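Take a look at the structure below.
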Amino acid sequence: MTSDREKAVFEAGIKLGALYHQWVGTPISRQSAASVEAAIEKAVILQPFVEEITVKLDRTLMAENRFGYSELSGLMFNVEIVTRVGFSYCRARLAPEKGYPFMSVVECF
């Protein structure tokens, strides 16, 4: 049988993976970044088991193309999520580490 702790970890991973794949490639600019951060947070918080989410996008990586925008890439994400199943919580993150957008469990409680 799967424990609530294991389910909370699984849910955090699923949410971060879905977020990553859903939003990568989205047209973005430094001017629109705040609204995209808010949209991601508002969408993800609606999902089951999500207690908290914070999304920050690295604007320094948003180099405009000739049309005046950039595309959201995995290295721009700095996301922290907290999931809860029963009385078990998982805090996980998606953030760049050595040039790759890693997902990791921060803590379970």
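Under a 5 Å amide H to amide H cut-off, with H placed in plane at 1.01 Å, what residues pair with Glu51 once short-range neighbours are removed?
HN-HN under 5 Å from Glu51: Val82, Thr83, Arg84.
Strictly greater than 22 Å: what percent of every Cα pair in the chain meets that? It would help to have the intermediate numbers written out before the result.
Working: 1915 of 5886 pairs.
In whole percent, the share of Cα-Cα pairs in the chain beyond 22 Å is 33.
Suppose all protein chains stay in the model; what accessible area per residue would a 1.4 Å probe give for the chain, in Å²?
That works out to 60 Å² for each residue.
Please build a GNM for the chain, connecting alpha carbons under 10 Å apart, and tell me which residue among Phe67, Phe77, Phe87 fluctuates the most.
It is Phe67.
Take the solvent-accessible surface of the protein heavy atoms, probe 1.4 Å, and return the percent of it on the chain that carbon and sulfur atoms account for.
Whole-percent figure for carbon plus sulfur exposure: 55.
Output wanted: per-residue J couplings in Hz (rounded whole) for region 69-75, from phi through Karplus 6.51 cos²θ - 1.76 cosθ + 1.60, θ = phi - 60°, x for Gly and Pro.
Karplus-based 3J(HN,Hα) across region 69-75 equals 9, 10, 10, 4, 10, x, 6 Hz.
Quote the FRET efficiency, to the nearest 0.05, computed for Phe109 versus Ser35 with a Förster distance R0 of 30 Å and r equal to the Cβ-Cβ distance.
Working: r = 32 Å, r/R0 = 1.08.
E(calc), rounded to 0.05, equals 0.40.
Once you put a point 7 Å from the Cα of Arg59 and another 7 Å from the Cα of Tyr100, both along the Cβ direction, what distance in nm separates them?
Modelled inter-label distance: 3.0 nm.
With a Förster radius of 41 Å, plug the Cβ-Cβ distance of Ser3 and Arg66 into 1/(1 + (r/R0)^6) and report the FRET value to the nearest 0.05.
Numbers: r = 52 Å, r/R0 = 1.27.
Approximately 0.20, to the nearest 0.05.
With +1 on each Lys and Arg Cβ and -1 on each Asp and Glu Cβ, and nothing else charged, work out how big the dipole of the chain is about its Cα centre, in Debye to the nearest 20.
The calculation lands at about 140 debye.
Can you give the convex hull volume per residue for the Cα atoms of region 40-84, as a whole number of Å³?
Once divided by residue count, the hull of region 40-84 is 75 Å³.
I'd like the Karplus ³J(HN,Hα) series for region 7-18: coefficients 6.51, -1.76, 1.60, θ = phi - 60°, whole numbers in Hz, and an x wherever there's a Gly or Pro.
For region 7-18, the Karplus-derived couplings read 5, 5, 5, 4, 4, 4, x, 4, 5, 5, x, 5 Hz, x marking Gly and Pro.
So if R0 is 22 Å, what FRET efficiency would Ile14 and Asn78 give, r being the distance between their Cβ atoms, rounded to the nearest 0.05? Present the calculation step by step, with values, prior to reporting the outcome.
Working: r = 19 Å, r/R0 = 0.87.
About 0.70, to the nearest 0.05.
The values are calculated or read from the model by the stated rules, or taken from the named source; none is laboratory data. Note that the structure is predicted; figures quoted are calculated from it, not measured. With ideal geometry, Cβ positions are generated from the backbone for all residues, glycine too; neighbour counts draw on all protein chains shown. To get the accessible areas, we keep the full protein, side chains included, count just its heavy atoms, and leave off ligands, DNA and RNA. Shrake-Rupley method; radii C 1.70, N 1.55, O 1.52, S 1.80 Å.
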